């Protein structure tokens with residue numbers, strides 16, 4: 001059985017967007033399914049991680065087609081917006097307005113026509129059984145919709161994130177016509193796909209209102225995070241965040257609480273270390289300076305996936321941040337599942353009722369506290385610090401094997417075959 005996977009993010013792309021389908025492709029052949037990947041030939045990836053190339057199975061077909069990237073002209077090359085500064089890419093008012101109103105649903109829309117032509121030619125001599133598209137960028141679904149319809153092929157549309165309700169869409173200042181156009185395209189995909197695949201139960205509830213069939217397969221972790229590197233925990237009371245940190249996730253209350261505890265507790269001030277690894281928004285830098293926490297804070301740039309895993313395993317506490325935005329109860333960052341394997345306490349800021357809270361409770365891995373609940377946050381930080389001082393800061397995570405990428409791929413294979 002053959003499946004065609006349409007994805008923009010593919011190695012050497014770095015960041016969380018590439019992980020989901022790279023790992024599915026890695027394991028699909030174990031379940032009797034041959035993946036053919038269709039991706040871009042000259043992508044303008046904001047982050048690259050060459051180490052991920054080695055995870056692509058040697059015997060699979062990867063089809064590539066050139067893409068015109070308007071972001072290369074208007075965004076990364078614009079003064080004040082650097083390619084390596086993705087977390088700040090929605091801060092420029094004019095560019096954000098252009099992105100939201102002239103590139104619908106996203107700047108990859110220019111790849112749709114050439115992709116349909118390319119794939120139609122390929123399918124003449126290479127029949128496939130199922131098409132899978134994954135977004136964002138959601139233009140990938142528009143390619144799949146046309147190919148599926150023209151060739152009468154079953155189609156799974158994978159939503160790693162929402163479409164019109166995506167948390168950073170508010171920064172684009174969309175006008176009425178743009179919002180209507182986006183909603184129309186989203187509805188067309190939800191109605192026409194044979195199955196919508198998504199990452200959380202909350203998102204499933206939203207898509208169930210329109211789609212004919214919705215299934216949930218979360219993100220997960222793979223074997224490389226389980227390898228015992230004999231890493232020694234940080235000697236400091238490190239509270240570490242690893243990953244992309246956009247302005248919508250800026251933990252304002254967290255910094256306030258840390259400052260108050262430092263002011264009241266000299267021992268805590270001497271022991272604590274805030275570590276941020278990845279692409280961190282300018283607002284976070286400013287908040288650290290505003291609260292006079294630069295002396296206990298360290299911000300590192302983007303690192304490879306393997307380096308990120310090392311930072312996770314060494315941390316005393318892992319900080320997980322959910323964006324403050326509507327529909328945030330359904331956001332499950334890919335980083336969560338790798339955090340689970342680190343066996344370090346997870347301190348999450350986000351909706352106290354939602355998918356994240358359920359998973360942390362079920363796995364006994366940490367706690368979720370509302371962004372604005374400073375009192376509860378202070379109590380939890382001091383509780384963790386006390387355990388650190390006593391030498392028994394740890395968690396006994398359980399029920400996490402279900403999130404291994406191979407087990408998740410087994411679920412995907414059953415879904416594909418059911419079509």
Fill in the blank from the handout: Looks like the range 223-390, by Cα gyration tensor root eigenvalues a ≥ b ≥ c and the a/c under 1.5 rounded cutoff (else prolate when a/b is bigger than b/c, oblate otherwise), is rounded
Exercise for the section: Would you mind ranking 180, 236, 108 so that the residue whose beta carbon has the fewest other beta carbons within 10 Å leads the list? Expected result: 180, 236, 108
Fill in the blank from the handout: If one compares the long axis through the Cα atoms of helix 93-102 with the longest principal axis of the Cα atoms of the chain, the angle in degrees, nearest 10, works out at 30 degrees
Practice task
May I ask for the distance between the Cα centers of the range 122-140 and the range 176-208, given as a whole number of Å?
Solution key: 18 Å
Handout entry: Within the chain, helix-based [θ] at 222 nm, where runs of 4 or more DSSP H residues each add -39,500 (n - 2.57), nearest 500
Key = -11500 deg cm²/dmol
Problem - R0 of 41 Å, Cβ-Cβ distance residue 179-residue 304: FRET efficiency to nearest 0.05 - result: 0.60
Fill in the blank from the handout: Relative to the chain, whose Cα atoms define the longest principal axis, helix 176-192 and its Cα axis are tilted in degrees, nearest 10, by 70 degrees
Handout entry: Listed residues 255, 177, 221, most fluctuating in the chain (Gaussian network, C-alpha, under 10 Å)
Key = 177
Fill in the blank from the handout: Most exposed to least, judged by fewest other Cβ atoms within 10 Å, 307, 283, 372 sort to 372, 307, 283
Handout entry: Candidates 193, 264, 370, ranked by Gaussian network fluctuation over the chain, Cα under 10 Å, top entry
Key = 264
Handout entry: Residues 150, 181, 160 arranged by fewest to most Cβ contacts within 10 Å
Key = 150, 181, 160
Completion exercise
The rounded separation in angstrom of the Cα centers of the range 347-379 and the range 388-419 is 19 Å
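Values quoted throughout were computed directly from the atomic coordinates according to the rules given, and no laboratory measurement underlies them. Quantities reported herein were computed from a predicted structural model and do not represent experimental measurements. Methodologically, a virtual Cβ is constructed for each residue, glycine included, from the backbone with ideal geometry; neighbour enumeration extends over all protein chains shown.
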